[in-house]
There are 4 protein chains.
Amino acid sequence: MIKVGIVGGTGYTGVELLRILAVHPEVSVSCITSRSEAGMPVADMYPNLRGHYDLAFSEPDVKTLAACDLVFFATPHGVAMRMMPELMAAGARVVDLSADFRLKDLDVWASWYGMPHESPEWAEKAVYGLPEVVREEIRTAQLVANPGCYPTAVQLGFLPLLESGLVDPSRLIADAKSGASGAGRQGKIGMLHGEVGESFKAYGASGHRHLPEIRQGLSQACGSEVGVTFVPHLIPMIRGIEATLYAELRDPADFDRLQTLYEERFRDEPFVDVMPFGSHPETRSVRGANSCRMALHRQEQSNIVIVSSVIDNLVKGAAGQAVQNMNIMFALPETMGLEAPALLP
Amino acid sequence: MIKVGIVGGTGYTGVELLRILAVHPEVSVSCITSRSEAGMPVADMYPNLRGHYDLAFSEPDVKTLAACDLVFFATPHGVAMRMMPELMAAGARVVDLSADFRLKDLDVWASWYGMPHESPEWAEKAVYGLPEVVREEIRTAQLVANPGCYPTAVQLGFLPLLESGLVDPSRLIADAKSGASGAGRQGKIGMLHGEVGESFKAYGASGHRHLPEIRQGLSQACGSEVGVTFVPHLIPMIRGIEATLYAELRDPADFDRLQTLYEERFRDEPFVDVMPFGSHPETRSVRGANSCRMALHRQEQSNIVIVSSVIDNLVKGAAGQAVQNMNIMFALPETMGLEAPALLP
Amino acid sequence: MIKVGIVGGTGYTGVELLRILAVHPEVSVSCITSRSEAGMPVADMYPNLRGHYDLAFSEPDVKTLAACDLVFFATPHGVAMRMMPELMAAGARVVDLSADFRLKDLDVWASWYGMPHESPEWAEKAVYGLPEVVREEIRTAQLVANPGCYPTAVQLGFLPLLESGLVDPSRLIADAKSGASGAGRQGKIGMLHGEVGESFKAYGASGHRHLPEIRQGLSQACGSEVGVTFVPHLIPMIRGIEATLYAELRDPADFDRLQTLYEERFRDEPFVDVMPFGSHPETRSVRGANSCRMALHRQEQSNIVIVSSVIDNLVKGAAGQAVQNMNIMFALPETMGLEAPALLP
Amino acid sequence: MIKVGIVGGTGYTGVELLRILAVHPEVSVSCITSRSEAGMPVADMYPNLRGHYDLAFSEPDVKTLAACDLVFFATPHGVAMRMMPELMAAGARVVDLSADFRLKDLDVWASWYGMPHESPEWAEKAVYGLPEVVREEIRTAQLVANPGCYPTAVQLGFLPLLESGLVDPSRLIADAKSGASGAGRQGKIGMLHGEVGESFKAYGASGHRHLPEIRQGLSQACGSEVGVTFVPHLIPMIRGIEATLYAELRDPADFDRLQTLYEERFRDEPFVDVMPFGSHPETRSVRGANSCRMALHRQEQSNIVIVSSVIDNLVKGAAGQAVQNMNIMFALPETMGLEAPALLP
């Protein structure tokens, strides 16, 4: 049994980790921390966990965490980077669901997150944990930076096009939409049901923190700096991200081989599902599941490739991918604990 | 492995059975029928099942069904009763999720369902499968009538009060509310998103088919005919039922022992959770889970007992309870395949 | 033109007053106050008002307010009662949408609102502004206490039964449900979209502040103290209240005259619509409109009268009723500015 | 008073016309037709209209319709084109909300709508009624083809860029999202609440009927054939469209003058609101209102112009724009009957 600790368990990614790990046959959660709720049983805050956990939230303590086989950070940015040097020195292995270790360029990190990075050493050593790209490095990583939700949906959808060099990398557009759980569980007026319900809008259209993460990943896939426009939107629902991606094919004749290209690229990936050409993936088809479904489209004789890619932002976009990374790090079957189909309807 | 057949798999209870059984370690689904969709792979209709089932819908055939260890009926009323005599004669065991075998008084059945009952013999032999009441009879039953969704939430909530004789059985009120999936998956204008969304209403307030089923169950618990008023309402959401129950305590002093009464009544029930006095169960705390959560309330010095009871109408109110019944019938651990926590948020 | 001031305009009842008054031909809004947002144009906070108002929020100032013909209070409880003596002395007329002046028994008020009442004089003089009950007193009132949202839906639905003495007043049950806007526009975690969406629950089931207000109104209608149980619920939608009311008819034979009783009681009421017997009013049929629709039901030969009553909590349950009261106070046609049909779908 | 007839009044655009016209001071609706519902009072189908209309649906009759000053068609495609020659010959004036007269190239029309066009003469004479483009021609038009919902949001958002020639017209992308009411009021399984709720998806991504309409309008604005990719999506809500538009500026230096360009282009337009640069228009800010709000964005030093444009698909995208066209045709103030602010929240 892998002894797991969770830092910052009161948010939506925290409860989602607990939900998934509750049925993972090789994991036992031994501690879950929250400064503000220390002492409260997790099942009092999250009644869906009644009968599944006896655990209460506790004060974060490096020694207790270091005694775990694996620690998940489900904290706001800025927390993990401060605790990491001590935790790493103590030999802990970590999957960090926050944004602290996702960017390699720390000046870019500092400008988007509004503070200097406090753990440059581990920012360099951290493995950006998108298993479909760097599975081998994850196996032995001490620190895995779990990708952001939008970046997961956008990168997976663009990967085959960029790796193959078939599209113009300077003209990528990612129009992405997310349910409200992506904003976390904090008492912000803008996220009230009365504000979010029955409405739709873009946000962060002039620049969003996931833009540099997307650009870093796509540039790596492409081998050169990409030009990408990324506009997120807020959907009046709880879970799910859909990203519609647009890229310009250098040679329109290549349209004929795109479906095969995608199917082959993801043939052995247990959590990426390339649907038939012309399909429309629905976010509900991945609700609660660690899956990314995608499909390709073409309009008339256009040279624009359209990819629609969907994930559950809390699962393949956060806690599920974190558990997938844990499975890889501990040489367990990659799908262990992640087999259940999505909840539909 | 239990070889399972499903009759009528295109509706919401059909896909929910498939979702639950996909991770049941002792079940293999060998056929799923649909006259209208014969030949279509189930994963084409329900993309959440892609990668989980290779099965296609097939024409219903008694011989094939009789070769299964267990057959679930997820059909509209009127279908199961016609196939049952032949299927029973062939030795099949059945859990019927439809309304065909729930009522013992077939005149009442005929008047609410608008047709004569065609299988009186099996209507008599069928066991009304509310495990919390008749677990022992379910073990050996050949035909189990799976309870309706509202009747499950209402009966479980009232049971301790009626079995103990503490309340006036002539003055029971059940104000119940359900998500839209309860109406099934048919192209009715009244169930369009544009009609159901952002609105709330009562329906069937002058009489609903679940009223006689509720009355039958409560009368049995009480030992005499009860007087119950049942008003269902439609909630602009997909899954979930909440029933607020009102009963008049004969002796207000008994209020002090109600919480203990409930906790003891359901102490050994794996799927009934009595929350602390004064709690407010949320439907999302049971979304996707085979659980009924309930809590008791009292206002000032009133003698009115208030019980709030929640289930997922498609799980404890349909497919989950059906699998629970199957587990009992086949002497499996009752919780097998039903252990995952609810999907929250 | 009536010169109107609004105190506390940043909440949902504030913006709703502005929305309604924007097309009222006899009103000009001359000031709207908010301590926290002073200086901000109202259209910056509420973009639906762009092009309708040039006004900015200002610091509340008694002198400025006293110069208005009418002042609406759309404040949390406790604010209006402190400003009222000075404002009344200055000769202002006020419609208070908060709870400060709704209860006549100030001990009861103090125990539910957790503070002593600071303006007993005006609590006594205030007219409880349910026009269908006390229209004549409203005409000349200096201070009108605008009824709460739940109390409006519940009282209107019960009125004919209690005024006529046909039902047992000791056994009233009001099972009420409200959209999330009823909780106001404050950054509470429990009201996030991620918490409210796709879920349903009771709240305040052991006692809610609207209970004493409901009891006061019903007792007055009945001429003696009533026994009423009131359980509110939270619907995953924004606007709308539905209350299902249960009462026990003394003589079941009276069922035959109930529909006529209701129709005659409300014949001249412009904002109460008695639908045909057995109808199911939908909250969307009153969305944005100052209307209460209701319908009666009976189940089989039961002696329980069922009334389903719907309003928009922000309109007939708050701002619309306040404008209706203003129209009465200023001898305008009662429906002025309130004529538009509800927004459906 | 303008005597108005409505053909095909049972759908969402029909009831929306009735809602808007109920408070229009210069209109009296004299007939509303529906073959399937002839005889039924409109207020029985749409309870929000109780008290506003005594009218019942009637069989469509050319003579009766020709006696109206104006006839609105709110029918599926294929109906208006068959009745138009006779109606035009009788001298009627018409605003057709269907797709029948929107496209000038009838081969294109035939290929997208799957039938030959039966009224080429009137297809040529019809004025495509986007008032912001062809107001003068609308004044005297006998037949106005009311624009589609997506085309309204997309064209208005792109217009200044194309008219000014500042962007590359061969690389336009319109990623558009709509609430479910856009699909009309027909009993389709795919539009059930259980299917649409809590999910998001693209649809028609390989080609949608609004694509040729958008291309026609943009090409006209630009003076040459444009290359536009248009992907619609379904939002789990009822009303509202958001379109995020992407275009490539020929000269990035022009970014500085875009805001002024937009503000000047729409300065005198009562129903187009250019919000401050970097704003995020919400669909709820136009719910129920005949308004298009838009805002511009730029990401870092990119040469991609981003425009977010929102409308209510049933108002500025259908019935509201139709009434606006009627006002223009009858020399009434263009905003008459369309002044009320949007319903927010």
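Rule-based calculations on the coordinates, nothing more; no lab input. Everything quoted here is computed from the prediction, not taken from an experiment. Cβ sites come from the backbone with ideal geometry, for glycine too, and all protein chains shown count toward neighbours.
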ask   = Could you give the angle, 0 to 90 degrees to the nearest 10, between helix B:255-265's Cα long axis and the longest principal axis of the Cα atoms of chain B?
value = 20
inquiry  = If I model a spin label at B:ASP105 and B:SER36 as a point 7 Å from the Cα along the Cα→Cβ vector, what separation in nanometres do I get?
reply    = 3.4
note = Cβ density ranking, 10 Å radius, fewest first, applied to C:ARG135, C:ARG267 yields C:ARG267, C:ARG135
key: Peptide A:275-287, shielding by other chains (average Cβ, 10 Å cutoff)   = 5
inquiry  = Exceeding 28 Å between C-alpha atoms, which entries from my cross-link table qualify? They are D:LYS63/D:LYS316; B:LYS104/B:LYS316; A:LYS63/A:LYS125; B:LYS63/B:LYS188; A:LYS201/C:LYS188.
reply    = D:LYS63/D:LYS316; B:LYS63/B:LYS188
key: Rg ratio (alpha-carbon, reference 2.2 N^0.38 Å) - chain B   = 0.97
message = Please find, among residues of chain D, the one with the beta carbon closest to the rotation axis relating it to chain A, distance in whole Å.
response = D:ASP175, 2
note = If labels are modelled 7 Å from Cα along the Cβ direction, C:GLU26 lies from its partners in the other copies at nm distances, smallest first, of 2.6, 7.6, 7.8
request  = Evaluate region B:42-83: find the radius of gyration of its Cα atoms, find its Kirkwood radius, and give the ratio Rg to Rh.
outcome  = 1.03
remark   = Out of B:MET275, B:LEU192, B:HIS210 - ranked by how far each Cα lies towards the positive end of the dipole of chain B, with unit charges on the beta-carbon of charged residues - the top one is B:LEU192
note = Quick calc: nm separation of the 7 Å Cα→Cβ label points for A:ARG257 and D:TYR113 -> 4.3
request  = For n ≥ 4 DSSP H runs only, could you compute -39500 (n - 2.57) per run for chain D, divide by its residues and tell me the 222 nm figure to the nearest 500?
outcome  = -8500 deg cm²/dmol
note = extent check for region C:51-175: Cα max minus min per principal axis, descending, whole Å, gives 50, 38, 27
key: Lys, Arg +1 and Asp, Glu -1 on Cβ, resulting dipole of the protein assembly as shown about Cα centre, debye, nearest 20   = 0
request  = Would you work out if region B:179-225 is rounded, prolate or oblate? Take a ≥ b ≥ c from the square roots of the eigenvalues of the alpha-carbon gyration tensor; rounded if a/c is under 1.5, else prolate when a/b is larger than b/c, oblate otherwise.
outcome  = prolate
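If contacts are Cα pairs under 8 angstrom and at least 6 residues apart, what is the relative contact order of chain C in percent?
17
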request  = Determine the percent antiparallel among the DSSP beta bridges restricted to region C:150-311, to the nearest 5.
outcome  = 70
ask   = In percent, how large is the relative contact order of region B:118-201, given Cα pairs closer than 8 Å and 6 or more residues apart?
value = 18
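Kirkwood hydrodynamic radius, computed over distinct alpha-carbon pairs, for region B:2-125: how many Å, to one decimal?
One over the average 1/r among Cα pairs gives 15.0 Å for region B:2-125.
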ask   = Out of the DSSP beta bridges found with both residues in the protein assembly as shown, what percent are antiparallel (nearest 5)?
value = 45
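Report relative contact order for region A:194-315 in percent, whole number only (criteria: Cα-Cα under 8 Å, sequence separation at least 6).
Across region A:194-315, relative contact order equals 26 percent.
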remark   = Using alpha-carbon coordinates alone, the radius of gyration and Dmax of region A:120-174 in Å work out to 13.2, 36
query = Can you give the FRET efficiency for C:ASP168 and C:GLN301, using 1/(1 + (r/R0)^6), R0 = 22 Å, r = Cβ-Cβ distance, to the nearest 0.05?
reply = 0.80
ask   = Equivalent-ellipsoid semi-axes (√(5λ), Cα gyration tensor) for the protein assembly as shown, whole Å, largest first?
value = 44, 43, 34
task = Calculate how many DSSP beta bridges within chain B are antiparallel, expressed in % of all such bridges and rounded to the nearest 5.
result = 45
message = I need the inter-copy label distances for C:ILE189: point set 7 Å along Cα to C-beta, values in nm with one decimal, smallest first.
response = 2.1, 4.2, 4.6
Neighbouring partner chain Cβ atoms per residue of C:7-13, average, 10 Å criterion = 1
Dipole axis of region D:2-125 (+1 Lys, Arg; -1 Asp, Glu on Cβ), positive-most option in D:HIS52, D:LEU106, D:ALA74 = D:HIS52
key: Part-to-part distance (alpha-carbon centres) for region D:21-50 and region D:175-202, which is given in Å   = 25
task = Mind checking the full-extension length gain between B:ALA89 and B:SER28? Use 0.36 nm per residue of separation minus the Cα-Cα distance, one decimal, nm.
result = 19.6 nm
task = About the Cα centre of chain B, how large is the charge dipole given +1 on each Lys and Arg Cβ and -1 on each Asp and Glu Cβ? Please answer in debye to the nearest 20.
result = 600
message = Quick check on region A:83-157: what does the Kirkwood estimate of hydrodynamic radius come out to from the alpha carbon pairs, in Å?
response = 12.9
ask   = For region B:2-132, with only Lys/Arg (+1) and Asp/Glu (-1) charged at the beta-carbon, what is the dipole magnitude about the Cα centre, in debye rounded to 20?
value = 200
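Going by how many other beta carbons lie within 10 Å of each one, how would you line up A:THR260, A:THR244, B:THR152, fewest first? Kindly include the intermediate steps, with their values, before the conclusion.
On the way: A:THR260 12, A:THR244 24, B:THR152 27.
Taking fewest neighbouring Cβ atoms as first place, the list is A:THR260, A:THR244, B:THR152.
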ask   = Shielding of B:232-245 by partners, i.e. mean partner chain Cβ atoms within 10 Å per residue?
value = 6
Estimated FRET transfer efficiency when R0 is 35 angstrom, pair C:GLU121-C:ASP54 (beta carbons, to 0.05) = 0.40
key: For region C:210-281, the spread of Cα positions along each principal axis, largest first, Å   = 37, 29, 24
message = Let me test this: with uniform point scatterers at the alpha carbons of region D:150-313, what is the Debye-based log₁₀ I(q)/I(0) at q = 0.10, 0.16 1/Å?
response = -0.36, -0.90
ask   = For region A:99-229, what is the largest minus smallest coordinate of the Cα atoms on each principal axis, given in angstrom and ordered from greatest to least?
value = 45, 37, 27
inquiry  = Once the label point is set 7 Å along the Cα-to-beta-carbon vector, what list of distances in nm do you get between D:ARG250 and its counterparts in the other copies?
reply    = 2.8, 8.7, 9.1
query = Along the Cα-to-Cβ line of C:VAL62, 7 Å from the Cα, sits a label point; which residues in region C:86-119 have backbone N less than 13 Å from it?
reply = C:86-92
